[in-house]
Amino acid sequence: MNEPSTPTITTVRNVSKVYQQGDRTVAALHDVNLSIQSGAFVAVMGASGSGKSTLLHLMSGLTQPTSGDISVEGQSLAALSDLQLTRFRRRRIGLVFQDFNLIPSLTARDNLLFPIHAAGIKQCDEAEIDALATRLGIQDRLNHRPDALSGGERQRVAIGRSLITNPAIVFADEPTGSLDSVTGQTICRLLRELCDQQQRTVVVVTHEPSVAVWADQIVVLKDGAVVEQFPTGEFRDAQSLAAHYQQVIGAELALS
Ligand SMILES: Nc1ncnc2c1ncn2[C@@H]1O[C@H](COP(=O)(O)OP(=O)(O)OP(=O)(O)O)[C@@H](O)[C@H]1O
Ligand SMILES: [Mg+2]
């Protein structure tokens with residue numbers, strides 16, 4: 001008997017991206033194919049310049065591929081007009097950045113709620129906001145502005161902001177890159193819990209094995225191509241994962 005198949009949230013088909021800089025062209029991605037299943041925690045790894053952020057920006061609809069197609073919840077992003085794409089992104093795609101990207105003049109609560117206002121969603125359930133803030137561990141910090149929050153708290157607010165519209169998928173580009181390693185691990189644990197307990201789908205770009213080891217699946221990029229995709233299950237810890245990753249990309253890697 002066949003197992004019931006997990007729905008695919010995001011599909012990347014034969015995607016290439018070429019940047020034009022004056023008369024120089026940079027082929028950032030070549031013929032990338034990828035499927036992200038609902039409820040998965042996926043880490044995209046690769047050396048600097050391997051195309052990780054480019055892939056994340058394409059999957060989140062921030063930039064368009066040169067060729068190929070990306071769909072989210074069965075919706076081809078290329079089929080949408082600019083306005084439709086903006087609306088789709090605001091409602092269905094969550095984004096988390098390395099430097100948090102919070103609005104300095106707004107309290108944590110207003111930063112959290114910002115996408116609700118931007119997406120024009122009127123109703124805003126107070127109990128849901130409280131539940132989200134409690135889950136994120138920032139319930140006591142909601143009236144503070146970002147400059148009164150620690151880096152870890154800022155990233156928790158940014159993660160909350162990415163979840164507030166209940167998106168289909170959350171993309172995070174090096175979400176622990178500006179945090180110390182202990183705080184970074186608490187953010188990884190939080191992302192893991194969001195997948196395990198709330199069936200969220202999360203894609204994290206990282207070059208740190210200590211972050212990637214929290215994921216279910218690892219996609220390794222090298223020179224703009226997917227060179228390997230494997231489950232993390234067979235690796236006990238960040239060291240054994242780092243050793244395998246090093247083999248795959250064939251480069252020295254400093255353990256973080
Ligand atoms: N807007 C752009 N214009 C021109 N070239 C770009 C642009 N963005 C990225 N690139 C180039 O595309 C390639 C892939 O860059 P990308 O930012 O995706 O790498 P990355 O894996 O995220 O690297 P890092 O780990 O340093 O963040 C690099 O050669 C980069 O210089
Ligand atoms: Mg990058």
Place a +1 charge on the Cβ of each Lys and Arg in the chain and a -1 charge on the Cβ of each Asp and Glu, then give the dipole magnitude about the Cα centre in debye, rounded to the nearest 20.
580 debye
When the chain is treated as a Gaussian network with springs between alpha carbons less than 10 Å apart, the largest mean-square fluctuation among Asp31, Asp125, Asp223 is found at Asp125
Ordering Lys122, Lys17 by accessible area with a probe of 1.4 Å, largest first, what comes out?
Lys122, Lys17
Once normalised by the length of the chain, the mean sequence separation of its alpha carbon contacts under 8 Å that are 6 or more apart gives a contact order in percent of 25 percent
Go through Leu55, Gln75, Gln123 and say which Cα lies farthest out towards the positive end of the charge dipole of the chain; charges sit on Cβ, +1 for Lys and Arg, -1 for Asp and Glu.
Gln123
Using only alpha carbons, build the gyration tensor for region 183-256 and give me the equivalent ellipsoid semi-axes, biggest first, whole Å.
21, 14, 11
Check Leu29: other-chain or 5+ apart residues with amide H under 5 Å from its amide H, H built from backbone geometry?
Lys17
Eigenvalues of the alpha-carbon gyration tensor of region 113-219, times 5 and square-rooted, give semi-axes in Å, largest first, of 23, 17, 12
Classify region 132-193 as rounded, prolate or oblate from the Cα gyration tensor: take a ≥ b ≥ c as the square roots of its eigenvalues, call it rounded if a/c is under 1.5, otherwise prolate when a/b beats b/c and oblate if not.
oblate
Quick note, region 23-129: a/c under 1.5 would make it rounded; otherwise a/b > b/c is prolate and the rest oblate (a ≥ b ≥ c, C-alpha gyration tensor); here it is prolate
Region 91-158 pair-distance distribution - Cα-Cα, 10 Å bins, rounded %
21, 56, 23, 0
Over its Cα atoms, what ratio of radius of gyration to 2.2 N^0.38 Å does the chain give?
1.00
Once the Cβ-Cβ distance between Lys122 and Ala243 is put in as r, and R0 is 51 Å, what FRET efficiency do you end up with, to the nearest 0.05?
0.50
Rg [Å, one decimal], Dmax [Å, integer] - region 63-106, C-alpha atoms
13.2, 40
With a cut-off of 12 Å, note down the residues of region 147-187 whose backbone N falls inside the zone around a label point 7 Å from the Cα of Gln75 toward its beta carbon.
167-169
Sum -39500 (n - 2.57) across every DSSP H segment of at least 4 residues in the chain, then divide by the residue count to get the 222 nm mean residue ellipticity, nearest 500.
-10500 deg cm²/dmol
Which of the lysines could be linked to Lys222 by a straight reach, that is with a Cα gap under 27 Å, when you skip same-chain ones fewer than 8 residues away?
Lys17, Lys52
For the chain, build the charge dipole from Cβ charges (+1 Lys, Arg; -1 Asp, Glu) around the Cα centre, then report which of Ala28, Thr66, Thr183 sits farthest towards its positive end.
Thr66
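The values are calculated or read from the model by the stated rules, or taken from the named source; none is laboratory data. The model shown is predicted, which means the values in this text are computed figures rather than measured ones. Please note: Cβ atoms are built from the backbone with ideal geometry, for glycine as well, and neighbour counts cover all protein chains shown. With ligands, DNA and RNA removed, areas are computed over all heavy atoms of the protein, side chains included. Shrake-Rupley method; radii C 1.70, N 1.55, O 1.52, S 1.80 Å.
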